[in-house]
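Every read-out reported here was derived from the displayed coordinates using simple, explicitly stated rules and does not represent laboratory data. Just so it is clear, the model here is predicted, and its values are computed rather than measured. Don't worry about glycine lacking a Cβ; one is built from the backbone with ideal geometry, like all the others, and counts go over all protein chains shown.
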Protein chains: 2
Amino acid sequence: MSPIKVAVVGATGETGASIVDGLLESPTTKYEVTALARPESLEKRAYQALKDRGVNVVAADLKGPQDELVSLLSGIDVVISAIFFASLADEIPLADAAKRAGVKRFIQSAFMIMIPPRGVVDFREKKEEILNYIQKLRLPYTYIDAGWWYQLTLPRIPSGRLDYALPVYNSEPRLGLDGNVPSALADIGDIGRYVARIISDPRTLNKKVYVYNEVYTRNQVYDLVEKLGGESLEREYITEQEINSRIEEARSDFEANPTNQAAFSYLSTNQLLLSWAIRGDNTPDYARYLGYLDGKELYPDFTYVKFEDYVKAALEGEVKGVYQGGK
Amino acid sequence: MSPIKVAVVGATGETGASIVDGLLESPTTKYEVTALARPESLEKRAYQALKDRGVNVVAADLKGPQDELVSLLSGIDVVISAIFFASLADEIPLADAAKRAGVKRFIQSAFMIMIPPRGVVDFREKKEEILNYIQKLRLPYTYIDAGWWYQLTLPRIPSGRLDYALPVYNSEPRLGLDGNVPSALADIGDIGRYVARIISDPRTLNKKVYVYNEVYTRNQVYDLVEKLGGESLEREYITEQEINSRIEEARSDFEANPTNQAAFSYLSTNQLLLSWAIRGDNTPDYARYLGYLDGKELYPDFTYVKFEDYVKAALEGEVKGVYQGGK
């Protein structure tokens, strides 16, 4: 069988990189990967590295002339967007072009935890709007959400042993509510491998899919890190009321100044916290209720990194962090 | 088995009346029906008639105190809203109360043809917003859409023989595009019988369901009426461009004056026409793409009124119209 041709937008971001890895290393289905890069990013080292691994890297201006985009996508079977959040609106012309080019499946940049489509996390709503646009076009699609990354799950520990693995903005060590709310987790490294399974699976066409590795409460995470790391962790909790007042504050700051990215980021962080740590939305049960297919049921043979093994490796200094800024 | 307790809002409207009939006449599952009436409507003849048929009629103020609504819904298994469009927002407190009362399934007032959730018909978007609100609550639900009613499908014929069966506002005899766009149809009388099947079916819990009887193009409808009625029909077509300019005009009238119900009605009529007669959204294929379960697959044994039989009966003067104003 000839390889499936996949175009990836945002191939050098955290999610995009995992997806490219998953596609290139797919043991069964063969994929031929094209990375669509912004013209000004073409010479970046990360794209050079992709070229060295056999990825076609081509310049694509999503805001540019539609005809050029259509011609770039001609012959492409699957388009995957892992676009940076601030550029989400560019998925609209990308979807238009994919429809005209006859792309067989469009994967928008969802890749979030399980959240109600509307009314809890503002930027989840943006993704729903794009999904609805895709549906209006009748473009074949799959909408993929995933567990909360292991890489964003570790708490800071007193000795500082885990600091190297934490994202730069990981400043808030407080647990939601009573810490007993379950939330599904996934290793970012596994997400691309799930995507490689999903996009050639006829059962997932025009469906929403939720992939995750294991479900943990925040207390279970802390218990595990204490047990494996041999250090006691302080546990501070946060109430729904506190989170809601932060959300209101951030929203009014952001509405007063829509270019205030810090306010938007604070808004989003607290809305996400409300969703997974208080409401308990990020679970397989709620995903099923919302009509998602469950990755565990689709791929019972999928081998994934266990969270316990991830924590052990992190304590050994052997994991790579995400969102680490200049590091 | 004890009967399933169902509360119906809007029981005296066209859709609500069909639903109450479907529930009361259900041959298998037994339903105990409560009609929630606005306090000021309690003495209307239509509610008296429901009482005579064994329906509990109770006053409910959806905008009133939540506790009263919760207590009204306590013990109710299924809530069905067939509320008048202008009151759709009242479904929000109704859903809140249903959640608190432990209602096992909530059927919002969808009951439209198949339309993209967003971007084509404004008032379909309102229904999506309510669905998303229900999902945020994690209230068990079923979302039901249905084919275009036979009762709104007949063309006017030169002899005037069908006039008695046409709705008062049926003034536009033009066919969409080339008249060859397929659109799914249903007898309003069958819709309630479908609903009676759906609401006690575990397969439809937390799902969207699409029910319809038969698929016809507009030309096929005209051909059939010509053949059975023995009269030639003039066929005037309407282009997408024309519909779009009507939509723009109506939208700007409506935005200039949001109390202009005529503008809203003209907007909705033309948006619906664009959807089913030009875009061809109202089909089982598109419903499947949008993730709806198909009534034909769920209930292959369902007996329904064939469109040909409906037309024959209409020509014999034997059908009852809908939306006939004071008639």
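Some values worked out for this structure:
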quantity	calculated
Percent RCO, i.e. relative contact order, over the stretch A:164-317, from Cα pairs under 8 Å lying at least 6 residues apart	38
Nm distances between copies for B:PRO202, ranked from closest, using label points 7 Å along Cα→Cβ	2.9
Averaged over B:127-138, number of beta-carbon atoms from partner chains that fall within 10 Å	4
Förster-model FRET efficiency, 60 Å R0, A:GLN324 and B:ALA49, C-beta, rounded to 0.05	0.25
Average Cα contact separation per residue, the stretch B:196-271, under 8 Å, 6 or more apart, as relative contact order %	18
Derived scalar couplings ³J(HN,Hα) [the stretch B:113-126; Karplus, 6.51 cos²θ - 1.76 cosθ + 1.60; whole Hz; x for Gly, Pro]	6, 6, 9, x, x, 9, x, 10, 10, 3, 7, 5, 5, 4
Cα centroid separation, the stretch A:87-125 to the stretch B:162-214 (Å)	31
Computed Kirkwood radius, in angstrom, where 1/r is averaged over Cα pairs of the stretch A:51-148	14.2
For A:LYS5, distant residues with modelled amide H under 5 Å away	A:GLU32, A:ASP77, A:VAL78
Diffusion constant of chain A at 25 °C, which comes from Stokes-Einstein with the Kirkwood Cα-pair radius and 0.890 mPa s, µm²/s	119
Partner chain coverage, peptide B:117-123 - average Cβ within 10 angstrom	3
Nonlocal amide H pairs with B:TRP149, under 5 Å, H built at 1.01 Å	B:ALA186
B:ASP67 paired with B:PHE123, simple spin-label distance in nm, labels 7 Å along Cα-to-beta-carbon	3.6
Phi-based couplings in Hz for the stretch B:315-321 (Karplus 6.51, -1.76, 1.60; Gly and Pro marked x)	5, 7, x, 10, 9, 10, x
Mean separation of Cα contacts under 8 Å (6+ apart) over length of chain B, as relative contact order %	19
Per-pair calculated FRET efficiency, R0 = 25 Å: A:PHE84 and A:ASP253 via Cβ, rounded to 0.05	0.70
Residue of chain A nearest the A-to-B rotation axis [by Cβ], rounded angstrom distance	A:GLY291, 3
Calculated from backbone phi, Karplus (6.51, -1.76, 1.60) coupling profile of the stretch B:18-28 in Hz, x at Gly/Pro	5, 5, 4, 4, x, 6, 5, 9, 4, x, 10
Copies compared at A:ASP67 - label distances in nm, ascending, label defined 7 Å from Cα in the Cβ direction	7.0
Sparsely packed GluC sites (Glu not before Pro) within the stretch A:5-40, loop by DSSP, other Cβ within 10 Å at most 16	A:GLU25
Spread of Cα-to-Cα distances over 10 Å intervals beginning at zero, given as percent, for the stretch B:5-59	26, 61, 13, 1
Pairwise label distance in nanometres, A:LEU224 with A:ASN180, each label 7 Å out on the Cα-Cβ vector	2.0
Cβ-based net charge around B:ASP21, under 13 Å, with every Lys or Arg adding one and every Asp or Glu removing one	-1
Label spacing, shortest first and in nm, from A:GLU242 to its equivalents in the remaining copies (7 angstrom along Cα→Cβ)	6.5
Cleavage-rule hits, trypsin sites (Lys or Arg not before Pro), the stretch B:25-82, DSSP coil, Cβ neighbours within 10 Å at most 16	B:LYS30, B:LYS44, B:ARG53, B:LYS63
Cβ neighbours within 10 Å from other chains - mean over B:283-292	2
Residue order, fewest to most beta carbons within 10 Å, for A:MET114, B:MET112, B:MET1	B:MET1, B:MET112, A:MET114
Listed residues A:ASP178, A:ASP145, A:ASP190, most fluctuating in chain A (Gaussian network, C-alpha, under 10 Å)	A:ASP178
Equivalent ellipsoid semi-axes, the stretch B:153-259, via Cα gyration tensor eigenvalues times 5, rooted, Å	29, 24, 15
Cross-link pairs A:LYS296/B:LYS136; A:LYS227/B:LYS99; B:LYS51/B:LYS320; A:LYS104/B:LYS99; A:LYS30/B:LYS136 - those with Cα-Cα distance over 30 Å	A:LYS227/B:LYS99; A:LYS104/B:LYS99; A:LYS30/B:LYS136
0 to 90° range, to nearest 10: angle between helix A:218-229 axis and chain A longest Cα axis	80
FRET E, pair A:ASN244, B:SER232, Förster distance 56 Å, beta-carbon r, rounded to 0.05	0.25
q = 0.07, 0.09 Å⁻¹: log10 I(q)/I(0) that the Debye formula gives for the protein assembly as shown, counting C-alpha atoms only	-0.54, -0.87
